[in-house]
1. Looking only at the stretch 236-252, decide whether some residue is under 22 Å from the mean Cα position of the chain (by Cα), surrounded by fewer than 19 Cβ atoms within 10 Å (Cβ to Cβ) and closer than 20 Å to W286 by Cβ.
2. Looking at the stretch 33-65, which of the residues that are more than 13 Å from H273 (Cβ to Cβ) and charged (D, E, K, R) is surrounded by the most Cβ atoms within 10 Å (Cβ to Cβ)?
3. Against the definition (open to solvent by 10 Å² or more (accessible area, probe 1.4 Å) and β-branched (V, I, T)), how does I364 come out, yes or no?
4. In the stretch 219-231, is there at least one residue being under 20 Å from the mean Cα position of the chain (by Cα) and not aliphatic (A, V, I, L, M)?
5. So, in the stretch 171-211, exactly how many residues are away from the ligand (no atom under 16 Å from the Cβ), part of a loop (DSSP other than H, G, I, E, B) and either open to solvent by less than 10 Å² (accessible area, probe 1.4 Å) or of a type in the set (V, I, T) (or both)?
6. How many of the residues making up the stretch 97-122 are out of contact with any Phe, Trp or Tyr (no Cβ under 9 Å at 6 or more places or on another chain) and away from the ligand (no atom under 16 Å from the Cβ)?
7. In the list I143, I187, which residue meets the criterion of being touching a helix residue (DSSP H, G or I) at 6+ places or on another chain (Cβ under 9 Å) and over 30 Å from P105 (Cβ atoms)?
8. Among the numbered criteria (1) more than 21 Å from S197 (Cα to Cα); (2) open to solvent by 10 Å² or more (accessible area, probe 1.4 Å), which single criterion is violated by V312?
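The values are calculated or read from the model by the stated rules, or taken from the named source; none is laboratory data. Predicted, not measured: the structure shown is a model, and the values here were computed from it. Methodologically, a virtual Cβ is constructed for each residue, glycine included, from the backbone with ideal geometry; neighbour enumeration extends over all protein chains shown. SASA here: full protein model, heavy atoms, side chains in, ligands and nucleic acids out. Shrake-Rupley method; radii C 1.70, N 1.55, O 1.52, S 1.80 Å.
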Amino acid sequence: MTNFNIVPDRSKNFNLTKWTWYGKGILPMWVADMDFPAPKPILDDLRTALDHGVLGYEIPGKVLQETVAARMEHLYKWKVAPESVVAAPGIVSGFTIAARAFCTPKRGVAIQTPVYNEFHEVKENVDTPQIDIPLVKSVKGNIISYEIDWDLFERRVKKAGIFLLCNPHNPLGIIFSRRELTRMAEICIKHKVMIVSDEIHSELLLDDNKFTPMARISREIEKHVVTLVAPSKTFNVPGLFCGFAIIPNKDLREPFEKEMHHLRLHVASMGLHAARTAFSGKCDGWLAELNRYLTANRDFLVDYVTRYMPGVCTTIPDATYLGWLDFTQTSIDGSPFEFFKEKAKVALSEGKIFGKEGAGHVRINFGTTRALLKEGLERMRKAMENIS
Ligand SMILES: Cc1ncc(COP(=O)(O)O)c(C=O)c1O
């Protein structure tokens with residue numbers, strides 16, 4: 001059994017990390033990495049590579065492609081040919097490459113806001129329009145949920161070159177259902193919009209939730225999808241920068257690979273080692289324990305907010321270790337992110353970076369020990385109680 005209540009001290013790192021960015025005394029609950037060490041099989045594999053001593057160039061190779069393909073079959077009974085797997089130095093570079101390959105100055109990138117801040121950077125990096133398709137928020141008691149407005153979805157997405165889907169969704173924690181995925185895909189196909197599905201959080205499933213990749217819905221849909229997966233969030237190795245694009249359709253894969261080649265993008269050898277072990281199945285016991293711990297953290301968060309933070313609304317995420325808190329009905333004046341940084345010494349993620357709908361909200365990272373989660377929430381509660 002892994003003890004997720006004990007975590008290493010990251011505050012003395014020379015480089016900037018989650019724990020050093022905001023300086024001493026600030027409890028970091030912002031960037032999406034967890035406080036837990038990676039599972040032992042990955043660490044052992046990296047140690048073996050280090051003990052060998054030679055850190056030469058390495059290329060992904062067929063074995064790794066087969067490992068990724070086997071993982072898809074194991075998790076979803078999704079059969080993909082190993083050659084459809086392309087290694088990329090992370091998922092942000094993966095969707096940026098896809099946007100370079102498939103967007104134009106007229107047909108840009110459609111995104112469902114509020115959504116992962118890096119999605120908002122594509123427009124400038126690629127010089128293409130961004131088309132926001134806001135998800136529609138509703139509140140019951142203090143619980144918030146979001147849904148797709150289908151008319152709006154169709155009206156907006158048809159102007160895009162790519163629909164950049166975030167599933168599971170960051171920061172809202174939604175796992176889109178098969179029905180929703182099918183409907184989104186049918187609309188995209190009807191209007192000749194390619195789908196890039198960022199599925200980086202797909203193995204961080206809370207409760208006993210199940211996940212279906214967009215491309216797994218049908219062979220027809222698969223032809224229109226670039227799927228992005230990585231071990232980075234699941235096994236907490238984001239600093240190794242290794243991800244994979246799964247592109248069964250050769251007509252999409254070739255332009256994608258061409259862009260990668262033009263940009264001379266490569267994955268570092270340690271990332272490749274970690275990915276092979278992560279996707280081999282050797283860490284699945286650890287992952288099941290992690291997901292149970294995160295589920296209990298999610299429940300703790302929702303319960304704490306409900307009991308002790310009057311006026312604050314929260315999502316109940318289906319997946320990820322990210323919560324989304326709404327302070328628009330509280331007496332906090334201005335940005336809750338600034339308020340909690342100043343008054344509670346807690347660094348959250350500013351809601352507005354996920355889109356303008358995020359004003360008055362913050363994202364909270366609960367991928368940490370229960371004790372630190374409790375401390376963060378207590379600091380926040382006290383700061384709110386002290387508003388005069
Ligand atoms: C939805 C989503 N995509 C991509 C990333 C980052 O991917 P990478 O570090 O592999 O570029 C994150 C990190 O938080 C994320 O939440």
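1. Yes, the stretch 236-252 contains a residue that is under 22 Å from the mean Cα position of the chain (by Cα), surrounded by fewer than 19 Cβ atoms within 10 Å (Cβ to Cβ) and closer than 20 Å to W286 by Cβ.
2. Applying the filter and picking the extreme gives D35.
3. Details: open to solvent by 10 Å² or more (accessible area, probe 1.4 Å): no; β-branched (V, I, T): yes.
Against the criterion (open to solvent by 10 Å² or more (accessible area, probe 1.4 Å) and β-branched (V, I, T)), I364 does not qualify.
4. Narrowing the stretch 219-231 to residues under 20 Å from the mean Cα position of the chain (by Cα): 225-231.
This time we only want the ones that are not aliphatic (A, V, I, L, M), so: 227, 231.
Taking every residue of the stretch 219-231 in turn, at least one turns out to be under 20 Å from the mean Cα position of the chain (by Cα) and not aliphatic (A, V, I, L, M).
5. Number of matching residues: 1.
6. 6
7. Working: I187 fails: over 30 Å from P105 (Cβ atoms).
The conditions single out I143.
8. (2)
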